[in-house]
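Data first, discussion second: the structure below is written as structure tokens.
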Amino acid sequence: SAYADNAVQMALHTYDSGHVLSSKGAITLTRQAGLGASYPAIKLNFKNLIAGYSHEIANALDTEIGAICSKAAETAIAVSTSYNEETGAISVAAKVKCDEPNKYKVSAVLLQDNVYFYQQGATSAEHHMHNAIVRAVAPTTGVGYALNNGVETELGKVYDFCCEFNANELYSKGTGEHALDILRDARVIVYVQTADKIVENVVSCGLNQKV
């Protein structure tokens with residue numbers, strides 16, 4: 001898609017939380033997104049449900065993301081992360097500038113790339129590789145942290161959001177080239193939702209990095 005660089009993916013695997021590809025955070029976000037038992041399906045911006053065969057999903061995504069990218073974002077997000085190798089703590093600090101008043105909420109999600117797990121029905125080796133796997137969400141309720149104490153934000157004001165994950169939430173039993181490399185495989189996304197739960201803006205940040 002021409003808009004691939006303008007979208008951030010979260011892969012929600014909703015087996016039991018002990019499954020290699022699943023987690024409590026993924027199950028929580030699946031419920032918050034209102035996704036049912038129809039797979040594969042995509043909830044774009046936590047609003048538009050796109051389901052069907054792969055080519056139908058790809059075509060719909062191209063159209064929907066193009067429409068979204070044609071509009072200016074109402075918020076700006078800056079994120080920095082740090083990883084403490086001794087404790088496993090992954091600290092996230094974000095700032096959100098609001099250019100329009102709204103009852104915004106902000107959330108952070110810990111993602112993991114480069115996980116090899118057998119995919120039933122796969123037609124090529126690359127289909128056994130899984131990326132953007134949701135490992136944890138903050139706040140853990142999945143409903144987001146309310147900026148400005150839940151009342152409408154002030155025009156042009158910057159609000160802070162901080163949270164912490166832990167590396168033990170990542171899958172660490174891969175071997176060889178798929179062995180966990182935390183700085184390579186883990187990243188954090190931070191997204192802002194409007195009062196009607198639509199994702200207004202999102203950024204992705206690697207560990208020990210700033211965006």
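The values are calculated or read from the model by the stated rules, or taken from the named source; none is laboratory data. The shown structure was predicted, so the numbers you read here are calculated from the model rather than taken from an experiment. Here the Cβ is made from the backbone with ideal geometry for all residues, glycine too, and neighbour counts use every protein chain on show. For accessibility, only protein heavy atoms count, side chains too; no ligands or nucleic acids. Shrake-Rupley method; radii C 1.70, N 1.55, O 1.52, S 1.80 Å.
Compute the longest continuous run of the chain that contains no exposed trypsin sites (Lys or Arg not before Pro); treat a site as exposed when its DSSP state is not H, G, I, E or B and it has at most 12 other Cβ atoms within 10 Å. Working shown, then result.
Values: sites that count: K71, K173.
Maximal segment without exposed cleavage sites: 72-172.
Roll a 1.4 Å probe over the protein heavy atoms and report the accessible area of I65 in Å², nearest 10.
Looks like 20 Å² after rounding.
Once you treat every alpha carbon in the chain as an equal point and sum by Debye, what is log10 I(q)/I(0) at q = 0.08, 0.16, 0.18 Å⁻¹?
For the requested q values the scattering log ratios are -0.28, -1.16, -1.44.
Whenever you get a sec, compute what percent of the accessible area on the chain sits on carbon and sulfur atoms (1.4 Å probe).
On the way: 5750 of 11660 Å².
Carbon and sulfur atoms account for 49 percent of the accessible area of the chain.
Of T153, T63, which has the most accessible area and how do the rest follow, probe 1.4 Å? Could the numbers behind the result be given before it?
On the way: T153 5, T63 95 Å².
So, going from the largest accessible area down, we get T63, T153.
Of the chain, which part is the longest with no GluC sites (Glu not before Pro) in a loop (DSSP not H, G, I, E, B) and with at most 16 other C-beta atoms within 10 angstrom? The partial results should precede the final answer.
Values: sites that count: E85, E86, E152, E154.
It works out to 1-84.
Take the Cβ-Cβ distance between R184 and A7 as r, set R0 to 22 Å, and report the resulting FRET efficiency rounded to the nearest 0.05.
Using R0 = 22 Å, I get an efficiency of 0.55.
For labels at A67 and E177 in the simple 7 Å Cα→Cβ model, what's the distance in nm?
Each label point is offset 7 Å from its Cα along the Cβ direction, giving 4.0 nm.
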